[in-house]
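Sharing a structure, written as structure tokens. Questions coming.
The values are calculated or read from the model by the stated rules, or taken from the named source; none is laboratory data. Just so it is clear, the model here is predicted, and its values are computed rather than measured. Here Cβ is always computed from backbone atoms with ideal geometry, including for glycine, and neighbour counts include all displayed protein chains.
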Amino acid sequence: MTTPETEAPAATLTPEEQSKDLFFTRLGEISQEMVTAHGRDFAMGALVLAARWIAEGRIGQPKPH
């Protein structure tokens, strides 16, 4: 049993933390969609490739033709 003295205070998220939580939620949703549509290997590969593009600074760059 908890009493007012032993209850932990409710966590208050900063705007940045709230924004990050929303991105993680969206990332989880799209990940599940990819797994459902194309399987785990595809979903993992796509996410790893996206991480690589971010690391290389290729996100937001025009695609070469």
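Enumerate the pairs (first residue in the stretch 40-65 and under 22 Å from Gly28 (Cα atoms) and at pLDDT 95 or above; second residue anywhere and assigned to a helix (DSSP H, G or I) and charged (D, E, K, R)) with beta-carbon separation below 9 Å, excluding pairs fewer than 6 apart on the same chain, so at least 6 apart or on different chains.
Taking only residues 6 or more apart or on different chains, the pairs are Ala43/Glu33.
Residues of the stretch 31-43 being part of a helix (DSSP H, G or I), surrounded by 11 or more Cβ atoms within 10 Å (Cβ to Cβ) and out of contact with any Leu (no Cβ under 9 Å at 6 or more places or on another chain), which ones? Even if it seems obvious, please write down each step before you answer.
Residues of the stretch 31-43 that are part of a helix (DSSP H, G or I), as a first pass: 31-38, 40-43.
Then drop every residue that is not surrounded by 11 or more Cβ atoms within 10 Å (Cβ to Cβ), which leaves 31-35, 38, 42-43.
Of everything in the stretch 31-43, those that are part of a helix (DSSP H, G or I), surrounded by 11 or more Cβ atoms within 10 Å (Cβ to Cβ) and out of contact with any Leu (no Cβ under 9 Å at 6 or more places or on another chain) turn out to be Gln32, Glu33, Val35, His38, Phe42, Ala43.
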